[in-house]
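To start, the structure under review is shown below, and the notes come after it.
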Number of protein chains: 2
Amino acid sequence: MSRPRPTIHDVAREAGASIATVSRALNGGVVSAAARDRIEAAVARLGYRRNDVARGLVTGRSGLVGVVLPDLIGPLYAHMARGIEDVLEEHGMHAMLVTDHLEPDAERRAIELLRARQVDGLVLIGSRLQPAELRAAAGSVPVAHVQRDGPDDDAPQVRLDDAAGVRAAVEHLAAAGHRRIAHLAGTRRDGIERREAFLAAMAAAGLEPGPIVAGGFTEEGGEAAAAVVLDDPDVSAVFCASDRMAVGLLHAAQRRGIAVPDDLSVVGFDDLTWARYLCPPLTTVRQPGREMGRAAARLVLDAPFEAAVPTLRIAPTLVVRASTAAPRFPDPAAPPRTRQAPAPEEVIAADRPASS
Amino acid sequence: MSRPRPTIHDVAREAGASIATVSRALNGGVVSAAARDRIEAAVARLGYRRNDVARGLVTGRSGLVGVVLPDLIGPLYAHMARGIEDVLEEHGMHAMLVTDHLEPDAERRAIELLRARQVDGLVLIGSRLQPAELRAAAGSVPVAHVQRDGPDDDAPQVRLDDAAGVRAAVEHLAAAGHRRIAHLAGTRRDGIERREAFLAAMAAAGLEPGPIVAGGFTEEGGEAAAAVVLDDPDVSAVFCASDRMAVGLLHAAQRRGIAVPDDLSVVGFDDLTWARYLCPPLTTVRQPGREMGRAAARLVLDAPFEAAVPTLRIAPTLVVRASTAAPRFPDPAAPPRTRQAPAPEEVIAADRPASS
DNA sequence: CCCCGGACTGGAAACGTTTACACCTCGTTG
DNA sequence: CAACGAGGTGTAAACGTTTCCAGTCCGGGG
């Protein structure tokens, strides 16, 4: 019943050829038509399938790109993984996904594990490793980063153009007539970059930044931070560094009887699957995870040929939904504005090119 | 700079031992303390890491369990994958995830691919393959299914106890005073099973089933099906076979000015991440994906030792939120009921044991 | 003093491929 | 007609491990 899998030797014997010829026939080498036919027949008869482990041992390659990512639950990372798979598939390769749950130690182990399996490349999502640690762990395997969390080195990486996204969000709020805009900030690297971009964008709009309160990227972080922000009666809009924080804020506002968007406008960041289902549907900066994954996969595959070490910046998009509107009591000093009545969903491209 | 990775031979030379001794030292065989020390020192000095590909070739095992799943975007499948990883990690093994996007052909290819990599087992999520096809594709590799979509054979599998979940949902609605309950049904196997369970539960509650309309498990399916259901003025509650359908229904209801839960109660199925964020927060049957993944991984690991071929039934949980309430105009024939005011979130365990 | 067995070690054979190299057989060209 | 090259084939050596088997070296019991 469950005989051992046939090997190339079995095929060779069955077809009356040598294993070298079989290997060539299977891999598109030069073989006479007659031999090729006999071999294909034998393969079919025996149900032979190549053993990629043995093949990997001799070729030194595995056809696998290792992907280390925080988790699979968040739709953003899942989309990135999907993008990576997209381009690997075009090259007849596959991804091996390992999660590190944001623990640097787990990240190191994951890289170790993948290297022991001879991956041909590594895509690291949100890596926290120091450049030296990374070099030690990855050795000579080509690496590409997505939204790297640790400090840069000369490894190629793709990042969201966070600044452009933040700018689009702030400009949207400013144009609606908001003057005092608060910010719920994240503490990881992209959170910090968004915070700086927020300050810059506010300055560019000629506005004093409102209160800025930092927290985790999570619902709880948003809810906790909300307390501070909602106590300031002059704040008419809040820009959150993540959708999850925005959810926390929305809940806190609801509990206090603060109406969104009438009393308070809220902008999120990420455009997670469910941002459109919130009440009200959330205006947010869409992070194109799948594109980012695609770009990273291309980077890692091109690594051996590419001389430059680019940082690819992917442009986000502002998705305007119903959580933003003109402030109820516009600043009397400001020119009067008409209430914006956005279409159910309106997409505004951020103002930066896709790569830089 | 980027020298070739050191092999066990290099370690042996460096430590003045044979490769056999090094291998034993590394794998916990009998080795003198002195040799072990020298070898460990050499390993550290050289930065040696075992090559799992070579190891896999000789041992015939890979330490990998292949997981074939529809996609990574849906949080449910991601949770299942997480559960699988949980138990594999306890065994020092890892998962290799491949997506098939519900295409049987891609599923076959995925299995093929994983087998070529010598996976030690296979977990198939929502497999649509016929038993014969599966046997052909998987050969002698142990298989466990989760929510198998194709017909059963003697392969071990874990399923949600769909019937218990449906019963809990229907009983909840009936207890609230609803008499005419519609059903938005799915067309895949679990959709069909939920549909039958719905009929059974309605019968058990002594109620005539309301309209049943089948569609995809998606938002669009829900929205399309909603049209039919909402035209029936006697329907005061709808039980949906998935949360995504419930979202579509919620939107359709909102567009028509039908208030949920006042005019219409809605129950979903799955408890996806964002079910609690909907307006109103959705009452739904929670599918414990992570548990199901855990159970499946255990099944596949135990396969070589297990004689029985169990179908594990995992109990779902009814999560009562704000999308269900007493009907506005209760059936005059029914005894009067007080309006249920559920706590913000109330969890009701379904009435079946976890396995059968 | 011999023998036995336990603790430890090394040589060598696998595992299933790819591929360098040598060879053989033609037909073609000089 | 000799030499050569192209096309096709097979032998054998890798790839980096694990593991079987045959040792070697001891100490202790007969």
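The values are calculated or read from the model by the stated rules, or taken from the named source; none is laboratory data. Bear in mind the structure is a predicted one, so any value in this text is a computation, not a measurement. Glycine gets a Cβ as well: all are built from the backbone with ideal geometry, and neighbour counts include every protein chain shown. Only protein heavy atoms, including side chains, enter the accessible area calculation; ligands, DNA and RNA are left aside. Shrake-Rupley method; radii C 1.70, N 1.55, O 1.52, S 1.80 Å.
For residue B:20, state whether it is more than 8 Å from DNA strand D (Cβ to nearest atom) and either touching a residue at least 24 places away in the same chain (Cβ under 8 Å) or farther than 30 Å from residue B:299 by Cα (or both). For residue B:20, the condition - more than 8 Å from DNA strand D (Cβ to nearest atom) and either touching a residue at least 24 places away in the same chain (Cβ under 8 Å) or farther than 30 Å from residue B:299 by Cα (or both) - is not met.
Scanning segment A:17-41 for residues being within 45 Å of the chain's Cα centre (by Cα) and of a type in the set (Asp, Glu) gives a total of 1. Once segment A:2-20 is narrowed to residues that are within 14 Å of chain B (Cβ to nearest Cβ) and within 7 Å of DNA strand C (Cβ to nearest atom), the residue that is least open to solvent (accessible area, probe 1.4 Å) is A:8. Would you say residue B:227 is aliphatic (A, V, I, L, M) and closer than 20 Å to residue B:327 by Cβ? So residue B:227 does not fit the description; no. Going by what's in this entry, would residue A:108 be described as part of a helix (DSSP H, G or I), within 10 Å of chain B (Cβ to nearest Cβ) and in contact (Cβ under 8 Å) with a residue 12 or more places away in the chain? Considered against the rule, which asks whether it is part of a helix (DSSP H, G or I), within 10 Å of chain B (Cβ to nearest Cβ) and in contact (Cβ under 8 Å) with a residue 12 or more places away in the chain, residue A:108 comes out as no.
Hey, can you tell me all the residues within segment B:107-137 that are among the aliphatic types (A, V, I, L, M) and over 21 Å from the mean Cα position of the chain (by Cα)? B:113, B:116, B:132, B:136, B:137, listed by residue number. Hey, does segment A:247-267 have a residue that's in the same structural domain as residue A:179 (by TED's automatic domain parsing), part of a helix (DSSP H, G or I), modelled with pLDDT of 95 or more and under 21 Å from the mean Cα position of the chain (by Cα)? Yes, that holds for at least one residue.
Condition test on residue A:95, is it facing chain B (nearest Cβ under 10 Å) and part of a helix (DSSP H, G or I)? For residue A:95, the condition - facing chain B (nearest Cβ under 10 Å) and part of a helix (DSSP H, G or I) - is not met. Hey, can you tell me all the residues within segment A:143-158 that are out of contact with any helix residue (DSSP H, G or I) (no Cβ under 6 Å at 6 or more places or on another chain), within 14 Å of residue A:189 (Cβ to Cβ) and assigned to a strand (DSSP E or B)? If the condition is that a residue be out of contact with any helix residue (DSSP H, G or I) (no Cβ under 6 Å at 6 or more places or on another chain), within 14 Å of residue A:189 (Cβ to Cβ) and assigned to a strand (DSSP E or B), then A:145, A:157 are the ones that fit. If you go through segment A:208-235 and keep only what is part of a loop (DSSP other than H, G, I, E, B) and open to solvent by less than 20 Å² (accessible area, probe 1.4 Å), you end up with A:215, A:235.
For segment A:85-96, state whether one or more residues are touching a strand residue (DSSP E or B) at 6+ places or on another chain (Cβ under 9 Å), within 16 Å of DNA strand C (Cβ to nearest atom) and not assigned by TED's automatic domain parsing to the domain that holds residue A:284. Yes, segment A:85-96 contains at least one residue that is touching a strand residue (DSSP E or B) at 6+ places or on another chain (Cβ under 9 Å), within 16 Å of DNA strand C (Cβ to nearest atom) and not assigned by TED's automatic domain parsing to the domain that holds residue A:284. Only one of the numbered conditions (1) more than 30 Å from the chain's Cα centre (by Cα); (2) assigned to a loop (DSSP other than H, G, I, E, B); (3) buried (at least 20 other Cβ atoms within 10 Å of the Cβ) is violated by residue B:53, and that is (2).
Residues in segment A:266-287 that are more than 10 Å from chain B (Cβ to nearest Cβ) and touching a Pro at 6+ places or on another chain (Cβ under 7 Å): 3 in all. Taken over segment A:73-106, residues that are within 12 Å of the chain's Cα centre (by Cα) and charged (D, E, K, R) amount to 1.
What about residue B:38, is it within 11 Å of DNA strand D (Cβ to nearest atom) and of a type in the set (Lys, Arg)? Criteria not met by residue B:38.
For segment B:240-289, filtering for residues that are small (Gly, Ala, Ser) and under 19 Å from residue B:178 (Cα atoms) leaves 6. The set of residues in segment B:23-50 that are open to solvent by 30 Å² or more (accessible area, probe 1.4 Å), touching a residue at least 12 places away in the same chain (Cβ under 8 Å) and near DNA strand C (Cβ under 9 Å from one of its atoms) comprises B:23, B:38.
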